[in-house]
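Questions regarding the structure given below will be posed in turn.
The values are calculated or read from the model by the stated rules, or taken from the named source; none is laboratory data. All of these numbers come straight from a predicted model, not from anything done at the bench. Cβ sites come from the backbone with ideal geometry, for glycine too, and all protein chains shown count toward neighbours. The accessibility values were calculated without ligands, DNA or RNA, using every heavy atom of the protein model including side chains. Shrake-Rupley method; radii C 1.70, N 1.55, O 1.52, S 1.80 Å.
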Amino acid sequence: MRDVAVRLVAGPLEIVSLIVILLLVAAAVAAPLLAPFDPAAADGFNTLRGPSSRNLLGTDFLGRDVLSRLIYGAQVTAAVAIGSVAISILFGVPLGLVSGYFKGLTDTVIMRFIDALYAFPPLLLSLVLVAMLGPSMYNVMIAVGVIMIPTFCRLARAQALVVSAQTYVVAAQTIGTPAHRIILWHLWPNIAAPVIVQLTIGMAWAILAEAALSYLGVGVRPPTPTWGVMLAEGFQYLRINPWLSFIPGMAIFLTVFALNILGDALRDGLDPRLRN
Amino acid sequence: MLRFIAHRSLQSIIVLFLVTVIVFALMRILPGDPVAIIAGTGVEGLTAEEEARLRARFGLDQPLPMQYLDWIRNVLVGDWGISTRTGVPVWTELAHRAPITAQLALTAWLIAVLVGVTTGVAAAIYRRTPIDSFSTAFAMFGISMPDFWLGILLILVFSVWMGLLPSVGYVSPATDLLLNLKHLLLPALALGLSEAAVFMRQTRSGMLEVLGQDFIRVARAKGTPERVIIWHHTLKNASLPIVTIMGLRFGRLIGGTVVIETIFGLPGLGRLAVQSIVMRDYLALQGVVLLVALFVVVINLITDIIYAALDPRIRLA
C-alpha cells in the first residue's frame, strides 16, 4: 500500500491530478455550500456575460451563473463515473472470474456473448440503451455501465486464467475446496490490482461518455446542469461567447486527464515489476 | 493457416448470430408498442381488429423465435424496413450515409496512423529526451481530450477566428473533391488526433520492447547503421501489435463518429442514429446499429487473419 501512496504523490503531475479529483469530489459533495448562486436562477438582464467579479466564470444565455452550474455539474459527473463503473465491475468481474476458472463450455458461452457485446461501438450502444431506458442520470449510469462490462470481464478472465494455474490454486482444488470459495478467497484478491487500475480508466471513459450523451441531448436533460449539456448549450453561442464552450470542456478534460494520470500511477505502484 | 481461418470465421459467425439476437432483443424492449414502431403510427386510434390485423401483417402474433427468424430472413434479403421519419427504405438510407461515415473514419484513421506512428517511433528512438516527453504528453492529452470538445475548439480557431475552413455541412467528393476534403478536415482531425494517442503509446512501447532485445544489440555490435536497425529490424518486429490495434480501432472509429457528425453537420450513420432516436424512428436506428456491429465483426476477423498471416505463432497457438 505504501508503494501505491508513494506513486500517487510521485511527481507534480500526480499531485495536481490528485488535487483535481479532490476538488471534483468536494464540488460534488458540497455543491450547495460552494456554489455562489442557484444554478437554475436565470437573470434576463445579465446574459452571455464574460467573467466578472460577480460571476467569476460569466453567465450563460439565460443569465445563469456558469461557475455555479459547473459546481453542480460535478455531481452528475461524479455520480455517473462511480455508478457506471460499479455496475460494470459488479457484472463484469464475476463473469470473467467464472469464465476463467471453469474454462470449457462455460467460458465459451460467456465469452462469445461478451464478444458480441464488444462488437457494438460503445457510444452507439449506450445511445441505444439510453433511448430504450429513457433519459435520466440513473439510466445513463446503466447504459455506460453495461458497455464497460466486456472490458472488466475480459480483464478478470485473463487474470483468472493465470492465477487458476498457480500451484496454490491447484492445491486448494486437490483438497476439495469448493469452487466458489477458491474464486472468492484465492482468485479475487489476486486480480484486484489490475481491476483497480482499470477502475480509474473506466471512470475517465464514463465521464466522456456521459458528456457525449448529454451533449447529444439523450443523456441527463436540461435544466439539470451537466458539463455535457453546458457544452452543447455553449456551442450555440460559440461566435458570441466561446467561453461558454471552453469552460465545461476544460472541466471534462482536466478530470479525465487527472484520472488517466492517477491510473498510470496506480498501475506503476500495484505492479511489482514496475515498482523498482 | 486455412484451419485458423476456418476456426476464426466460425467464431465470427457465432458472434454475428449473437449480435443479431441482441439487436432483435433491443428492438423488442424499446419503449412503445412494436406495431406502432414498425408501422410508424400510433395504436391509440386503431380498433382492436385493425391492431390485430397489423400484428398479423408484421408477424407480431408469432412466437418470438419465429419473429426472429422472419426478421433475419428479411435482413438477409436487404429488407430492413421503411424509415418512419423519411418514408424511404432503411437500406437505401444506410447506403447513402455509410460512405460519408466511412470516408470520415478512414481520413481520421489515416491522420491517426501518420501522427501516432511517427511520434511513437520518435519517442522510442529519442527515449528520455524532450522529444519523448513531448510525445508522451501529447498522447496523454489526446487520450484525455474529448473529441467533441476538440472539434468545437477546431471550429473556433479555423472557422470562426481564421475563417479558413467550413464548420458545418457536407459536399460529395463527386461534386467537388477539394470542398469535400475541406469539410472533412476538421472533423477528421478531431477524431484522428485522439486516436493518434492510442497508436503513439502502442508504437512507443512496442519499439522499446524490441530495441531492448539481444538481436538489436548484436546488430549494433556488428556496426549496422542505426537507420537500418530502426526501420528494418525494430519497426518491422514491433509492427504486429500496432497493426492489430490499427485494425481494431478502425472498427471503433466507424461507430465513434456519432458526436463529431452531429457537431459538424455531416449526414453520416452517426447523425442518422441520433436523428432516429429523437424522432423515434427505431427501424432506422436498428439498421445503423446492426450495420455498424456487422462491420466491426468483419474488420476484427480480417485483422486477426492478417495478424496470423504475419505471425505464425498466432495461428499455431
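For region B:245-259, state whether one or more residues are under 20 Å from residue A:214 (Cα atoms) and open to solvent by 10 Å² or more (accessible area, probe 1.4 Å).
yes
Another question about this same structure. From the list B:81, B:59, pick out the single residue that is on the phi > 0 side of the Ramachandran plot, open to solvent by less than 50 Å² (accessible area, probe 1.4 Å) and without any contact (Cβ under 8 Å) to a residue 40 or more places away in the chain.
Selected residue: B:59, the only one of B:81, B:59 that is on the phi > 0 side of the Ramachandran plot, open to solvent by less than 50 Å² (accessible area, probe 1.4 Å) and without any contact (Cβ under 8 Å) to a residue 40 or more places away in the chain.
Looking at B:224, B:234, B:244, can you tell me which residue is away from chain A (no Cβ under 14 Å) and in contact with a Phe, Trp or Tyr (Cβ under 9 Å, 6 or more places away or on another chain)?
None of the other options fit; the residue is B:244.
Does region A:178-185 contain any residue that is more than 14 Å from every other protein chain (Cβ to nearest Cβ) and modelled with pLDDT under 90?
Scanning region A:178-185, I find no residue that is more than 14 Å from every other protein chain (Cβ to nearest Cβ) and modelled with pLDDT under 90, so the answer is no.
Also, I was wondering about something else. I'd like to know if region B:143-150 contains one or more residues that are out of contact with any Leu (no Cβ under 7 Å at 6 or more places or on another chain), outside any loop (DSSP other than H, G, I, E, B) and not aromatic (Phe, Trp, Tyr).
Taking every residue of region B:143-150 in turn, at least one turns out to be out of contact with any Leu (no Cβ under 7 Å at 6 or more places or on another chain), outside any loop (DSSP other than H, G, I, E, B) and not aromatic (Phe, Trp, Tyr).
Sticking with this structure for a sec: Counting only residues that are open to solvent by less than 20 Å² (accessible area, probe 1.4 Å) and within 29 Å of residue A:5 (Cβ to Cβ), give me the helices (runs of 4 or more DSSP H) lying completely in region A:186-270 with at least 3 of them.
Counting at least 3 such residues, we get A:188-216, A:243-270.
With A:84, A:53, A:88, A:68 as the choices, which residue is among the polar types (S, T, N, Q), over 24 Å from the mean Cα position of the chain (by Cα) and more than 15 Å from residue A:233 (Cα to Cα)?
A:53
Tell me whether region B:150-165 contains one or more residues that are more than 14 Å from chain A (Cβ to nearest Cβ) and either open to solvent by 60 Å² or more (accessible area, probe 1.4 Å) or among the aliphatic types (A, V, I, L, M) (or both).
The answer is yes; a qualifying residue exists.
Still on this model: So for region B:156-174 (the condition being of a type in the set (Ser, Thr, Tyr), part of a helix (DSSP H, G or I), in contact with a Pro (Cβ under 7 Å, 6 or more places away or on another chain) and under 27 Å from residue A:208 (Cα atoms)), does at least one residue qualify?
Checked against the condition, which is being of a type in the set (Ser, Thr, Tyr), part of a helix (DSSP H, G or I), in contact with a Pro (Cβ under 7 Å, 6 or more places away or on another chain) and under 27 Å from residue A:208 (Cα atoms), region B:156-174 yields at least one hit.
How about region B:274-294: which of its residues are under 14 Å from the mean Cα position of the chain (by Cα) and at the interface with chain A (Cβ under 9 Å from one of its Cβ atoms)? Quick ask: steps written out before the conclusion?
Restricting attention to region B:274-294, the residues satisfying the condition of being under 14 Å from the mean Cα position of the chain (by Cα) are B:288-294.
Listed by number, the residues that qualify are B:288, B:289, B:292, B:293, B:294.
What number of residues within region A:109-122 are surrounded by fewer than 18 Cβ atoms within 10 Å (Cβ to Cβ) and either more than 10 Å from every other protein chain (Cβ to nearest Cβ) or at pLDDT 90 or above (or both)?
So the answer is 1.
Still on this structure, please answer the following. Within region B:262-273, which residues are among the small types (Gly, Ala, Ser), more than 8 Å from chain A (Cβ to nearest Cβ) and within 19 Å of residue B:92 (Cβ to Cβ)?
First pass over region B:262-273, keeping only residues among the small types (Gly, Ala, Ser): B:265, B:268, B:270, B:273.
Within this subset, residues satisfying the condition of being more than 8 Å from chain A (Cβ to nearest Cβ) are B:265, B:268.
Within region B:262-273, B:268 is the sole residue that qualifies.
If you check A:69, A:64, A:49, A:54, which single one turns out to be open to solvent by 70 Å² or more (accessible area, probe 1.4 Å) and under 17 Å from residue A:246 (Cα atoms)?
A:49 is the lone residue from the list that is open to solvent by 70 Å² or more (accessible area, probe 1.4 Å) and under 17 Å from residue A:246 (Cα atoms).
If I filter region B:93-110 for residues that are in a loop (DSSP other than H, G, I, E, B), assigned by TED's automatic domain parsing to the domain that holds residue B:207, free of Cβ contacts under 8 Å to residues at least 40 places away in the same chain and open to solvent by 10 Å² or more (accessible area, probe 1.4 Å), do I get at least one hit?
Taking region B:93-110 as the starting set, the residues that turn out to be in a loop (DSSP other than H, G, I, E, B) are none.
Checking region B:93-110: not a single residue is in a loop (DSSP other than H, G, I, E, B), assigned by TED's automatic domain parsing to the domain that holds residue B:207, free of Cβ contacts under 8 Å to residues at least 40 places away in the same chain and open to solvent by 10 Å² or more (accessible area, probe 1.4 Å).
Which is open to solvent by less than 40 Å² (accessible area, probe 1.4 Å), in a helix (DSSP H, G or I) and more than 28 Å from residue A:26 (Cβ to Cβ), of A:140, A:128, A:85, A:76?
A:128
Regarding region B:283-301, can at least one residue be identified that is open to solvent by 10 Å² or more (accessible area, probe 1.4 Å) and either in a loop (DSSP other than H, G, I, E, B) or among the hydroxyl-bearing types (Ser, Thr, Tyr) (or both)?
no
Let me ask something additional. When you check residue B:131 against the structure, is it touching a helix residue (DSSP H, G or I) at 6+ places or on another chain (Cβ under 8 Å), open to solvent by 60 Å² or more (accessible area, probe 1.4 Å) and free of Cβ contacts under 8 Å to residues at least 24 places away in the same chain, yes or no? Walk me through how you get there before you give the answer.
Working: touching a helix residue (DSSP H, G or I) at 6+ places or on another chain (Cβ under 8 Å): yes; open to solvent by 60 Å² or more (accessible area, probe 1.4 Å): yes; free of Cβ contacts under 8 Å to residues at least 24 places away in the same chain: yes.
Against the criterion (touching a helix residue (DSSP H, G or I) at 6+ places or on another chain (Cβ under 8 Å), open to solvent by 60 Å² or more (accessible area, probe 1.4 Å) and free of Cβ contacts under 8 Å to residues at least 24 places away in the same chain), residue B:131 qualifies.
Being surrounded by fewer than 24 Cβ atoms within 10 Å (Cβ to Cβ) and within 30 Å of residue B:159 (Cα to Cα) narrows it down to one of B:181, B:211, so name that one.
The match here is B:181.
If you take the residues of region A:199-246 that are more than 11 Å from every other protein chain (Cβ to nearest Cβ) and among the β-branched types (Val, Ile, Thr), which of them is nearest to the chain's Cα centre (by Cα)?
Checked region A:199-246; the qualifying residue nearest to the chain's Cα centre (by Cα) is A:200.
Filter region A:88-105 down to residues that are of a type outside the set (D, E, K, R) and surrounded by fewer than 20 Cβ atoms within 10 Å (Cβ to Cβ), then give me how many there are.
Qualifying residue count for the region: 6.
Continuing with this model, one more query. Being assigned to a helix (DSSP H, G or I), at pLDDT below 95 and closer than 21 Å to residue B:118 by Cβ is true for just one of B:188, B:196. Which residue is that?
B:196
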